[in-house]
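Step one of this worksheet: look at the structure below.
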Amino acid sequence: MENNNIGLIGCGAMGSALARGMISRGGIDPASVYLYDLNEARKKQLASEVNANSAESLDEFIPHCRFIFLAVKPQDTEGLLYAIKPMVQDGQIYASIAAGITINYIESCLYSGTKVVRLMPNTPCLIGEGAIVISTGDAVTEDECREVEKLLEPLGMTIRLPENLMDAATGLSGTGPAYVYLFIETMIDAGVSVGIRRDVSSKLVIQNVIGAAKMLDSNVQHPAELRNIVTSPAGTTSSAMLILEENGFRSCLIKAVREATKRSEELRMG
Ligand SMILES: NC(=O)c1ccc[n+]([C@@H]2O[C@H](COP(=O)([O-])OP(=O)(O)OC[C@H]3O[C@@H](n4cnc5c(N)ncnc54)[C@H](OP(=O)(O)O)[C@@H]3O)[C@@H](O)[C@H]2O)c1
């Protein structure tokens with residue numbers, strides 16, 4: 001296929017994040033992007049915001065796009081794939097973010113040999129700070145995978161994993177922000193319980209998380225080393241760590257990720 005046009009189906013939360021990232025932050029020419037959604041208002045609003053084309057039907061853009069992003073709910077994916085099937089062209093790359101929909105399943109709904117990329121993003125993609133796990137089907141070349149990664153760069157970082165780890169990636173990273181939000185929410189309540197005003201507690205906790213994450217990001221040190229540095233003998237951190245260990249903080253988190261991974265496996269299609 002000669003062009004690098006992009007078709008995006010599904011203009012909801014994640015589809016919008018993809019469009020905004022690629023166009024507003026990534027510098028993709030909006031004239032080469034076609035948006036489609038069954039919800040007309042959602043599609044038109046996004047198209048006008050990012051200046052992209054608002055497509056009236058699938059056949060208006062599918063045959064003319066090299067990259068097709070599928071951003072509909074898992075239960076809507078099968079019907080969509082069968083509607084797309086008669087329009088598939090050689091050289092097209094289909095990138096799906098639908099949780100639990102396997103590459104094999106997409107290929108079986110389209111044609112075996114179709115170039116398929118499976119993505120597991122997380123919600124910080126909305127602000128360009130996401131983590132996106134990528135798996136590719138056999139028909140996708142290294143250069144093509146790099147092209148997809150380049151398109152996704154403005155949404156955050158990308159990490160390639162074999163598809164058999166996609167459920168684990170869902171349990172760890174797709175679900176990851178929820179663990180962090182719960183931790184932050186609980187820490188804010190903890191601050192209130194020791195006498196700090198809620199708005200102040202909130203600012204302190206959020207800055208703690210940002211600061212700690214940035215230290216890990218800019219440092220080669222292991223989190224345990226950084227924790228040891230702030231744990232002085234018979235000090236406050238040491239007392240706090242004892243309580244967390246006694247109450248199974250680590251095993252609780254590990255079990256949560258394992259349970260989310262298991263649930264992702266149960267929901268898998270294909
Ligand atoms: N949100 C997350 O944190 C997250 C993380 C990782 C992966 N994902 C995946 O991202 C995908 C999209 O999630 P979302 O939260 O963005 O969903 P969403 O907000 O519901 O957006 C999906 C959009 O697609 C539309 N749609 C449904 N069927 C369609 C069809 N056949 N053709 C065109 N448009 C169609 C929906 O319209 P109607 O509302 O009218 O049905 C809706 O506007 C899901 O598969 C999910 O598994 C989400």
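Read-outs: derived from the displayed coordinates by stated rules, not from any lab. From a predicted model like this one, the values you see are computed outputs, not experimental measurements. No Cβ is skipped: glycine too gets one built from the backbone with ideal geometry, and neighbour counts run over all protein chains shown.
In segment 1-101, which GluC sites (Glu not before Pro) fall in coil by DSSP and have 16 or fewer other Cβ atoms within 10 Å? Walk me through the numbers on the way to the answer.
Numbers: sites: Glu2, Glu40, Glu49, Glu56, Glu60, Glu78; in loops: Glu2, Glu56.
In loop regions of segment 1-101 (DSSP not H, G, I, E or B), the sparsely surrounded GluC sites (Glu not before Pro) are Glu2, Glu56.
Among beta bridges from DSSP that stay inside the chain, the antiparallel ones total about 15%.
The protection proxy used here, the mean number of other Cβ atoms lying within 10 Å of each residue, ranks peptides 131-143, 228-240, 92-104 as follows, highest first: 92-104, 131-143, 228-240. Remark: the Leu242-Leu38 segment gains 68.1 nm on full extension, using 0.36 nm per residue and subtracting the alpha carbon distance.
Using the alpha-carbon centroid of each, what span in Å lies between segment 195-237 and segment 91-160? Between the Cα centres of segment 195-237 and segment 91-160 lies a distance of 34 Å. For Arg25 and Arg227, the difference between the fully extended length at 0.36 nm per residue and the C-alpha to C-alpha distance is 69.2 nm. Karplus-based coupling profile of segment 260-270, in residue order and whole Hz: 5, 5, 4, 5, 4, 4, 5, 8, 4, 10, x, with θ = phi - 60° in 6.51 cos²θ - 1.76 cosθ + 1.60 and x standing for Gly or Pro.
When the charge dipole of segment 114-217 is built from unit charges on Cβ atoms (+1 for Lys and Arg, -1 for Asp and Glu) and taken about the Cα centre, the candidate among Gly128, Cys145, Gly195 whose Cα reaches farthest toward its positive end is Gly195.
Fully extended, how many nm does the chain gain between Ile196 and Ser251 (0.36 nm per residue separation, minus their Cα-Cα distance)?
Contour length minus Cα-Cα distance gives 16.9 nm.
Rounded to the nearest 20, the size of the Cβ-charge dipole of segment 170-251 about its Cα centre is 180 debye, with Lys and Arg at +1 and Asp and Glu at -1. For segment 50-61, 3J(HN,Hα) computed residue by residue from phi via the Karplus equation (6.51, -1.76, 1.60; θ = phi - 60°) reads 9, 6, 8, 6, 9, 7, 8, 8, 5, 6, 5, 10 Hz, glycine and proline entered as x.
With the gyration tensor restricted to C-alpha atoms of segment 161-208, the semi-axes of the equivalent ellipsoid amount to 33, 8, 5 Å, longest first.
Which log10 I(q)/I(0) values, to two decimals, does the chain give at q = 0.11, 0.12 Å⁻¹ under the Debye formula with one point per Cα? Log10 of I(q)/I(0), two decimals: -0.70, -0.81.
Please state, rounded to one decimal and in Å, the Kirkwood hydrodynamic radius that segment 6-162 gives when every pair of distinct Cα atoms enters the mean of 1/r. Kirkwood hydrodynamic radius for segment 6-162: 15.2 Å. Proximity of backbone amide H atoms, modeled 1.01 Å from N, is registered between Ile101 and Met269 at under 5 Å, excluding neighbours fewer than 5 places apart on the same chain.
Exposure proxy ranking for Cys125, Cys109, based on other Cβ atoms within 10 angstrom of each Cβ and starting from the fewest, stands as Cys109, Cys125.
Computed over the chain, the per-residue total of -39500 (n - 2.57) for DSSP H runs of n ≥ 4 gives a 222 nm mean residue ellipticity of -14500 deg cm²/dmol, rounded to 500. FRET efficiency for Gln45 and Ala83, Cβ-Cβ distance as r, R0 = 30 Å, nearest 0.05? According to the calculation, E is roughly 0.85.
Here the Gaussian network model covers the chain, with springs between Cα atoms less than 10 Å apart; of Cys145, Cys65, Cys252, Cys252 fluctuates the most. What the phi angles of segment 134-142 give under the Karplus curve with 6.51, -1.76 and 1.60, with θ = phi - 60°, is a coupling list of 10, 10, 10, x, 4, 7, 8, 7, 4 Hz, glycine and proline written as x. Just the number, please: Stokes-Einstein D of segment 146-270 in µm²/s, Kirkwood Rh from C-alpha pairs, 10 °C, 1.306 mPa s. Roughly 91 µm²/s, to the nearest whole number.
A simple charge model with +1 on the Cβ of Lys and Arg, -1 on the Cβ of Asp and Glu and nothing else charged puts the dipole of the chain at about 820 debye relative to its Cα centre.
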